[in-house]
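Asker: Pasting a structure here, questions to come.
The values are calculated or read from the model by the stated rules, or taken from the named source; none is laboratory data. Model, not experiment: these values are computed from the prediction. Positions of Cβ are generated from backbone atoms using ideal geometry, with glycine treated the same way; all protein chains shown enter the neighbour counts. These area figures cover heavy atoms from the full protein model, side chains too; ligands, DNA and RNA do not enter into them. Shrake-Rupley method; radii C 1.70, N 1.55, O 1.52, S 1.80 Å.
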There are 2 protein chains.
Amino acid sequence: MSVVVGIDLGGSKIALGLVDAENRILSRRRIDTKSAAGLDNVITRIAEQVDSLRRELPAGQGITALGVGAPGPVDHITGDLLTLVNLPGISNSPFRRVLSQRLGLPVALDHDAKVAALGEFYFGAGKKRESMVYIVIGTGVGAAIIYEGRLIYGESNTAGESGHMTIDPHGPVCHCGSRGCLETYASGPALARHYAAASGEKIDGAQVSKRALAGDRAARQVLNEAGWALGIAVASLAMTLNIELFIIGGSVARAGDLLLKPARATLPGYAFQAVAARVRVQASQLGEDGAVLGAAWLARARGKLG
Amino acid sequence: MSVVVGIDLGGSKIALGLVDAENRILSRRRIDTKSAAGLDNVITRIAEQVDSLRRELPAGQGITALGVGAPGPVDHITGDLLTLVNLPGISNSPFRRVLSQRLGLPVALDHDAKVAALGEFYFGAGKKRESMVYIVIGTGVGAAIIYEGRLIYGESNTAGESGHMTIDPHGPVCHCGSRGCLETYASGPALARHYAAASGEKIDGAQVSKRALAGDRAARQVLNEAGWALGIAVASLAMTLNIELFIIGGSVARAGDLLLKPARATLPGYAFQAVAARVRVQASQLGEDGAVLGAAWLARARGKLG
C-alpha cells in the first residue's frame, strides 16, 4: 500500500488530502473553485497542488493514484463527469482521463455522496458494518446505499437520489418539479426558506444551523421539521431495505442532535416497531474528511490510467 | 436437472405444482388451508399431495426437492417460519425441517413475495433483466427487490416491507400503527373500505377489481386512488434504487391497467423525468404460477435435507 491523494471536488472548494497506507491524512490543500473555472484551469490547479503534496514525501516515495468525489452524476462506462449544475465549466468533460494523462497517474472518479459513504464505511461510523445508508444534507440531499459491502449504483448509475423521495405528495413544490420531496424540507436552501418565512430574516442554511445551536427558537423549529421529514424518509428506506445504520453527513448535519433527535423520534411512528428498534440514525464521524478518505480508498481500489 | 415440487403456502389455500427440468408445470394440486390446521396436519396433507404428484411420474423417475413460498417472515439461519398471522397453526414451527424429514427430500423455504419474484425473474416478466422490483398487492402489500441478480434480504431478513412506505404522513391510520402507508391505499381490504365509503356496499377487494373491470364508476375511482399511491411508491423506490422494472402481482393486480395506468400517470410527477422515462410498471406475467415456479427454482438452488 502506498501514498495516494483523495480529492473532494465541491461547488465552492476543492479539498485535497495526501493519504498514507494506514489511511491517515498526512497533509491537506484547498482550492477555491470560483478561482478555477474551466476544465483546463481546474486540472492545472489540481495538478499544482498534487505536485506540492508530492514534495512533502521523502525522496524516492511517490504518489501512486488519485481518487475524486464529484458533485454530480458520473458516467459509469468512461468514469467521466455528466452534468454538474454547480461546476458548469467541467460538466460533460473527460475530466478523469485528462487528469490522469496530465499527471501520468491512475485516477478514479465517483459521485460525492458515494465517495463520502465509502469513507464512513471503511474508516468512520460504518466501520465493521456490512450495510449502511449515508445521507448527505447540504445544498441538495443525496444518499449512497452500501449493501453487503457493495455500493448500489442502479441500472443507469443514478441510485441514491433519495433527496427526491416523496415525504408528502401535497407538500411544497421542489425545484425538480415534484412535490414534497425530502429536499424541500431538509436541504440548506429549504432551511433558509423556512427560517425566512418564520422570522422574516434571510440567512443561509448553515447559519440557520448555527443559530439553532445557539438557541434561536425559530431556527430550532425549522430543524425540527427537517428532522421530521428525514425520519419519515429513513423509515420508508428501512422498511424497504432493512438496512439498520443511517449515517447523516453534509453541512446541515452539523446541527447534530437538533436535526437527528426529531428524526429518531419520528421513525417509530412510520416503521414497524421491530424495524425501528434496530435502526440507528447517527452523525457522520469523519465530517469533511470522509470524502477525502473515501476518494483515497477509491484511488487504490479503482484508479485507472488514461 | 430433475423434477421438483413448488409449493405456494397461502392463507386460504396451498397450491402445489410438479415442475420439470424445463420449468414447465406438469401437474397441479390444491389444498384448502382451512381444512389443514396445525403443523402435523399441514405436513401430512402436503406429503399426501407430493406422493400423489410422484405417482404421475414414469417409473424410475422421482421428485428430487421441494420449494415453499410462505406468507410471512422466514428465519434466515434455520430456514423456518416466524410469526404467520394467517397461518397461526404452523407459526414459529420447524416447518421446513419437519417437511424435509417426513419426505426424505431437500426443502427450501422463503417469503412468498420473494418466491413469486424469483418466478417472474427467471421465467416471467423479468426474464433477461438483472434487476427488478416485484410488488404483490393482495390482503397486504409486499415487495421483493432483485438487484444485479440477487434478492435483497436486508440485515434482519425483513427487506421488502414496502407496503409500509409512507405515501402521506397525514394519511389514514394503518393496522401497523403508522399513517398513510401504501397498504392503506392499495391492499384488498383498503379497496373494500374505500368502496364501502363511496357506495355504502360491503364487498371484498377482489370484487371491487371485478366491478371496476365491469365498468362500475365508484370501483374505478377506488382503483385510481390505489394506482396513484402505487405510482408515488414506485417513484420513491426508483429514485433511491434506480431499478427500472416494476412488476405488479397479487389479486388486486388482476385489475390490470385500471390500477397500473394511474400508477404510470403519477410516476413522472414524483420522479426525475430521466428516471421516470426509463421505468416500466407492468403486470406479472405468470399470475399464481409465479410462486409455484419460483418455489421450484428455490428447491433446486437451495433445497437442503433435514
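Asker: Condition first: closer than 18 Å to B:P94 by Cα and either open to solvent by 10 Å² or more (accessible area, probe 1.4 Å) or small (G, A, S) (or both). Now tell me which residues in the range B:35-69 satisfy that.
Answerer: B:A36, B:A37, B:G38, B:L39, B:D40, B:N41, B:T44, B:R45, B:A47, B:A65, B:G67, B:G69
Asker: Moving to a separate point now. Being among the charged types (D, E, K, R), within 20 Å of A:S209 (Cβ to Cβ) and more than 9 Å from chain B (Cβ to nearest Cβ), is that true of even one residue in the range A:166-184?
Answerer: Yes.
Asker: Inside the range B:194-208, can you point out the residues that are of a type outside the set (A, V, I, L, M, F, W, C) and surrounded by 15 or more Cβ atoms within 10 Å (Cβ to Cβ)?
Answerer: Listed by number, the residues that qualify are B:H194, B:Y195, B:S199, B:D204, B:G205, B:Q207.
Asker: Counting only residues that are open to solvent by less than 10 Å² (accessible area, probe 1.4 Å) and free of Cβ contacts under 8 Å to residues at least 12 places away in the same chain, how many does the range A:118-142 have?
Answerer: 0
Asker: Check off (1) more than 21 Å from A:A235 (Cβ to Cβ); (2) of a type in the set (D, E); (3) within 14 Å of chain B (Cβ to nearest Cβ); (4) surrounded by 24 or more Cβ atoms within 10 Å (Cβ to Cβ) for A:D110 and give me the number that stays unchecked.
Answerer: (3)
Asker: Can A:I145 be described as open to solvent by less than 10 Å² (accessible area, probe 1.4 Å), under 18 Å from the mean Cα position of the chain (by Cα) and among the β-branched types (V, I, T)?
Answerer: Against the criterion (open to solvent by less than 10 Å² (accessible area, probe 1.4 Å), under 18 Å from the mean Cα position of the chain (by Cα) and among the β-branched types (V, I, T)), A:I145 qualifies.
Asker: Hey, another quick one. Please go through the range A:213-232 and pick out each residue that is touching a residue at least 24 places away in the same chain (Cβ under 8 Å) and of a type in the set (G, A, S).
Answerer: Matches in the range A:213-232: A:A219, A:A226, A:G227, A:A229, A:G231.
Asker: Return the total of residues in the range A:233-259 being more than 14 Å from A:Y185 (Cα to Cα) and either free of Cβ contacts under 8 Å to residues at least 40 places away in the same chain or more than 13 Å from every other protein chain (Cβ to nearest Cβ) (or both).
Answerer: 13
Asker: Restricted to the range A:209-220, and to residues that are open to solvent by 40 Å² or more (accessible area, probe 1.4 Å) and among the hydrophobic types (A, V, I, L, M, F, W, C), which residue is nearest to the other protein chains (Cβ to nearest Cβ)?
Answerer: Among those that are open to solvent by 40 Å² or more (accessible area, probe 1.4 Å) and among the hydrophobic types (A, V, I, L, M, F, W, C), it is A:L213.
Asker: Taking the options A:L182, A:L223, A:L191, name whichever one is closer than 24 Å to B:A235 by Cβ and open to solvent by less than 10 Å² (accessible area, probe 1.4 Å).
Answerer: A:L182
Asker: Could you list, in sequence order, all residues of the range B:130-165 that are at the interface with chain A (Cβ under 10 Å from one of its Cβ atoms) and aromatic (F, W, Y)?
Answerer: To start, the set of residues in the range B:130-165 that are at the interface with chain A (Cβ under 10 Å from one of its Cβ atoms) comprises B:130-133, B:143, B:145, B:147-148, B:150, B:152-165.
The answer is B:Y147, B:Y153.
Asker: Mind checking which residues of the range B:147-180 are in contact (Cβ under 8 Å) with a residue 40 or more places away in the chain, under 22 Å from B:S251 (Cβ atoms) and not in a loop (DSSP other than H, G, I, E, B)?
Answerer: Scanning the range B:147-180 gives a single hit, B:S162.
Asker: Could you tell me whether A:D32 is of a type outside the set (A, V, I, L, M), free of Cβ contacts under 8 Å to residues at least 40 places away in the same chain and surrounded by fewer than 15 Cβ atoms within 10 Å (Cβ to Cβ)?
Answerer: Answer is yes for this residue.
Asker: Out of everything in the range A:60-79 that is polar (S, T, N, Q) and over 22 Å from the mean Cα position of the chain (by Cα), what residue ends up being farthest from A:Y153 (Cα to Cα)?
Answerer: So, considering only residues that are polar (S, T, N, Q) and over 22 Å from the mean Cα position of the chain (by Cα), the one farthest from A:Y153 (Cα to Cα) is A:Q61.
Asker: Right, A:V252: modelled with pLDDT of 95 or more, open to solvent by less than 60 Å² (accessible area, probe 1.4 Å) and β-branched (V, I, T) or not?
Answerer: For A:V252, the condition - modelled with pLDDT of 95 or more, open to solvent by less than 60 Å² (accessible area, probe 1.4 Å) and β-branched (V, I, T) - is not met.
Asker: Something else now. Within the range A:267-281, track down each residue that is within 14 Å of another protein chain (Cβ to nearest Cβ) and open to solvent by less than 20 Å² (accessible area, probe 1.4 Å).
Answerer: Selection gives A:L267, A:A271, A:V275, A:A276, A:V279.
Asker: Further, regarding this structure: May I ask you to verify whether B:A206 is under 21 Å from B:I247 (Cα atoms), within 19 Å of the chain's Cα centre (by Cα) and modelled with pLDDT under 95? Working first, answer last.
Answerer: Numbers: under 21 Å from B:I247 (Cα atoms): yes; within 19 Å of the chain's Cα centre (by Cα): yes; modelled with pLDDT under 95: yes.
Considered against the rule, which asks whether it is under 21 Å from B:I247 (Cα atoms), within 19 Å of the chain's Cα centre (by Cα) and modelled with pLDDT under 95, B:A206 comes out as yes.
Asker: Please give the number of the condition B:T64 fails out of (1) touching a helix residue (DSSP H, G or I) at 6+ places or on another chain (Cβ under 7 Å); (2) of a type in the set (V, I, T); (3) at pLDDT 95 or above.
Answerer: (1)
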